[in-house]
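This report refers to the structure that appears directly beneath it.
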Amino acid sequence: MTLTLQWGSATNTGLVRSQNQDAVLAAAPVFVVADGLGGHAAGEVASRLAVEAFAPLAYRSEVIRADIVQAVADAHAGILAHAAADPATAHMGTTVSGVAVVWFGESMHWLAFNVGDSRVYRVESDHLVQVTVDHSEVQQLIDAGDLAAEDAATHPRRNVVTRALGISRDPTPDCWVFPASAGERLLICTDGLTKELRDDEILAALAGATAPAAAEQLVAAALDHGGRDNVTVVVVDALPTSETSHQASEADDRTGPPVSARPS
């Protein structure tokens with residue numbers, strides 16, 4: 001089945017931070033967000049270098065899992081090299097999370113990946129399902145049965161990640177591959193969104209809007225709930241090719257018009 005992709009992205013510094021240390025790349029077949037570590041110098045440099053490592057994959061007809069793993073490795077190496085050359089950026093780091101379109105024969109699949117606590121979600125039957133698993137201390141406590149998931153948001157170690165580019169010795173991404181379905185919607189976001197909104201609030205902002213509008217609505221909702229961190233989101237829709245899709249009147253780095261998702 002041939003599908004058409006439409007996407008939108010939005011980012012905001014928030015209401016507390018003075019600088020936006022998030023970065024985003026939304027260019028089919030790859031969609032990536034990165035969140036510079038706020039407790040480290042030059043987080044904005046690390047996040048920018050991370051998404052730049054994925055730029056060679058933008059607008060390619062096809063990518064494979066090895067391309068994503070290599071882009072993560074290149075991002076990590078680039079951050080380390082920059083930090084070594086510029087002491088002011090020493091110890092900088094960033095999370096990275098995203099989705100790429102991959103193919104098995106004639107079948108379109110999603111490849112979701114993450115390093116750190118930026119997330120990928122999937123909307124399934126009007127439910128918001130988290131695809132990625134956070135690399136964080138609170139997630140480890142949840143997995144061990146020592147912390148209830150509903151208590152993670154207020155835990156004193158909630159901001160501590162256990163894997164990040166530029167910081168970890170070997171920040172290999174975790175990957176998930178699953179078939180794409182017509183009418184499906186994916187969300188990629190930094191934790192500036194999930195710190196402010198519950199799953200039901202995220203789902204409500206995603207409902208009944210085009211991908212570009214939904215991205216803007218999510219960021220606005222995060223700001224309405226306090227905007228205590230930078231917030232960045234990408235919304236990606238897989239639409240039947242015959243379906244008429246809303247196309248932004250002015251495409252920019254935050255809004256993508258519908259494009260064929262079938263490899264040439």
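The values are calculated or read from the model by the stated rules, or taken from the named source; none is laboratory data. What you see is a predicted model; the values in this text were computed from it and never measured. Every residue, glycine among them, receives a Cβ derived from its backbone with ideal geometry; neighbour counts consider all protein chains shown.
Checking each residue in region 85-118 for being at pLDDT 95 or above, in contact with an Asp or Glu (Cβ under 7 Å, 6 or more places away or on another chain) and in a strand (DSSP E or B) picks out THR94, THR95, PHE113, ASN114. Filtering LEU186, LEU193 for residues that are closer than 30 Å to ALA66 by Cα, part of a strand (DSSP E or B) and out of contact with any Cys (no Cβ under 7 Å at 6 or more places or on another chain) leaves a single hit, LEU186. Take the residues in region 137-180 that are of a type in the set (Val, Ile, Thr) and out of contact with any Gly (no Cβ under 8 Å at 6 or more places or on another chain); name whichever of them is surrounded by the most Cβ atoms within 10 Å (Cβ to Cβ). Step by step, filter region 137-180, then rank; the result is VAL138.
Criterion applied to ALA204, ALA213, ALA221 was being closer than 21 Å to LEU25 by Cβ, part of a helix (DSSP H, G or I) and not aromatic (Phe, Trp, Tyr), and the one residue passing it is ALA213.
How many residues are among the acidic types (Asp, Glu) and either surrounded by fewer than 24 Cβ atoms within 10 Å (Cβ to Cβ) or not in a strand (DSSP E or B) (or both) when one looks only at region 1-42?
Total meeting the criteria: 0.
Quick grid of which residues meet (1) touching a strand residue (DSSP E or B) at 6+ places or on another chain (Cβ under 8 Å); (2) within 30 Å of LEU3 (Cα to Cα); (3) touching a residue at least 60 places away in the same chain (Cβ under 8 Å); (4) surrounded by fewer than 21 Cβ atoms within 10 Å (Cβ to Cβ):
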site: GLU44; (1), (2), (3), (4): yes, no, no, yes
site: PHE54; (1), (2), (3), (4): yes, yes, no, no
site: TYR59; (1), (2), (3), (4): yes, yes, no, yes
site: GLU62; (1), (2), (3), (4): yes, yes, yes, yes
site: HIS76; (1), (2), (3), (4): yes, no, yes, no
site: LEU80; (1), (2), (3), (4): no, no, yes, yes
site: ALA90; (1), (2), (3), (4): no, no, no, yes
site: GLY93; (1), (2), (3), (4): yes, no, yes, no
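Here the condition is being among the basic types (Lys, Arg), over 26 Å from ALA83 (Cβ atoms) and under 19 Å from the mean Cα position of the chain (by Cα); of ARG163, ARG198, it holds for ARG198 alone.
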